[in-house]
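The structure appears below as structure tokens.
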Amino acid sequence: MQILSQPITLYAVPESTYCARVRLVLELKSVDYTEERPPGGTYRSEDYRRLVAAGSVPAIQINGTILHDSDAIVELLEDLFPEPAMRCADPFERAFLKSVTRFHDTRLEPALRSLFPMVGNSDKTQSAALAVDAMNGHLERLDRLISPRPYLGGEALSLADCAYATTLFMMEDIASCMNLEARFSEKIHHWRNTLHHTDTVKEIIDQNRSAIADWIASKLSPA
Ligand SMILES: N[C@@H](CCC(=O)N[C@@H](CS)C(=O)NCC(=O)O)C(=O)O
């Protein structure tokens, strides 16, 4: 394991699927770190932006360097802490899994995110139904793209699996709080169950679901 001169700090919020991805990789690799909320209480604060120029969570402070973007962070963690290996050695497999991760970041998660402003907003019922249809369209494309066996890269959990773990549950929880349905194919349903039956992954998924449940409750019955 790489020796680092300074402790690692993860800046994160509990509701974020991108933060959960980094937390999961840190935990699976048994890395020592502390997790903090953004200074000033929100990633929109000036204090946070002074620290993390990009102004997004997650971000990590590692060896005196600040790095944002979950994908960049988990790639660095894989380089620094190669055990257990979470990237395929074969360049074609590795590139394929990166493309599946990119599909999450550029298609699936943005489709889910478009639902957030509609939660607890009864004026948006029709838009929410259309947005869930669009999200389900991306799930159909994902179904054609992947062949989990049982994980995306085969027997070992990969960085690509970590990108999807909490998102797949958040899709269900956000859609169902608006009485809509995220439609998972048999293949995706089975893969999602496998992830949830994997030690550590289950804990991170359950923590994130609980934070999302609180967030939904705050939107459905604002104080
Ligand atoms: N591509 C980024 C996306 C992270 C992201 O969108 N985080 C949200 C919170 S879930 C955020 O910080 N939004 C504020 C912003 O980006 O300005 C990553 O993978 O880290």
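Rule-based calculations on the coordinates, nothing more; no lab input. As the structure is a computational prediction, the values presented were derived from the model and not from experiment. No Cβ is skipped: glycine too gets one built from the backbone with ideal geometry, and neighbour counts run over all protein chains shown.
Counting only residues at least eight positions apart within a chain, or on another chain, the lysines with an alpha carbon under 23 Å from that of K219 are K124. If R0 equals 22 Å, the separation of the Cβ atoms of E186 and D90 corresponds to a calculated FRET efficiency of about 0.20.
Pairwise alpha-carbon distances in the chain exceed 29 Å for 27% of all pairs. Computed from backbone phi with θ = phi - 60° and the Karplus coefficients 6.51, -1.76 and 1.60, the 3J(HN,Hα) list for segment 200-208 is 6, 4, 4, 4, 5, 4, 5, 4, 5 Hz; x is used for glycine and proline.
Here segment 91-220 is treated as a sphere whose radius is the Kirkwood value from Cα pairs; by Stokes-Einstein at 10 °C and 1.306 mPa s it diffuses with a coefficient of 105 µm²/s.
So, counting K/R as plus one and D/E as minus one, what does the shell of residues with Cβ under 12 Å around V31 add up to?
Numbers: positive: R23, K29; negative: E27, D32, E35, E78, E83.
Here the charged neighbours net out to -3.
Please return the longest stretch of the chain lacking exposed loop sites, where GluC sites (Glu not before Pro) count only if DSSP places them in a loop and at most 16 other Cβ atoms lie within 10 Å. Present the calculation step by step, with values, prior to reporting the outcome.
Working: sites that count: E155, E181.
Here the longest segment lacking exposed loop sites spans 1-154.
Take the alpha carbon gyration tensor of segment 1-53, find the square roots of its eigenvalues, order them as a ≥ b ≥ c, and report rounded if a/c is under 1.5; if not, report prolate when a/b exceeds b/c, else oblate.
Working: a/c = 2.90, a/b = 1.49, b/c = 1.95.
Oblate, because a/c is 1.5 or more while a/b does not exceed b/c.
Count charges around M170 for me, please; just the other residues with Cβ under 10 Å from its Cβ, Lys/Arg as +1, Asp/Glu as -1.
Details: positive: R113, R209; negative: E15, E109, E172, D173.
Combined, the nearby Lys, Arg, Asp and Glu give -2.
Taken over segment 154-223, the percentage of Cα pairs per 10 Å bin, counting from 0 up to the bin with the maximum distance, is 19, 48, 26, 7, 1. For G154, the residues whose modelled amide H falls within less than 5 Å of its own, excluding neighbours fewer than 5 places apart on the same chain, are R149.
Round to the nearest 0.05 the FRET efficiency obtained for D105 and L220 when R0 = 30 Å and r is the Cβ-Cβ distance. All intermediate terms of the calculation are to be shown ahead of the outcome.
On the way: r = 28 Å, r/R0 = 0.94.
E(calc), rounded to 0.05, equals 0.60.
At a Förster distance of 22 Å, what's the computed FRET efficiency of A72 paired with E46, Cβ-Cβ distance as r, to 0.05? FRET efficiency, A72 to E46: 0.40. Computed across segment 18-100, the Kirkwood radius stands at 13.9 Å (inverse of mean 1/r, all Cα pairs).
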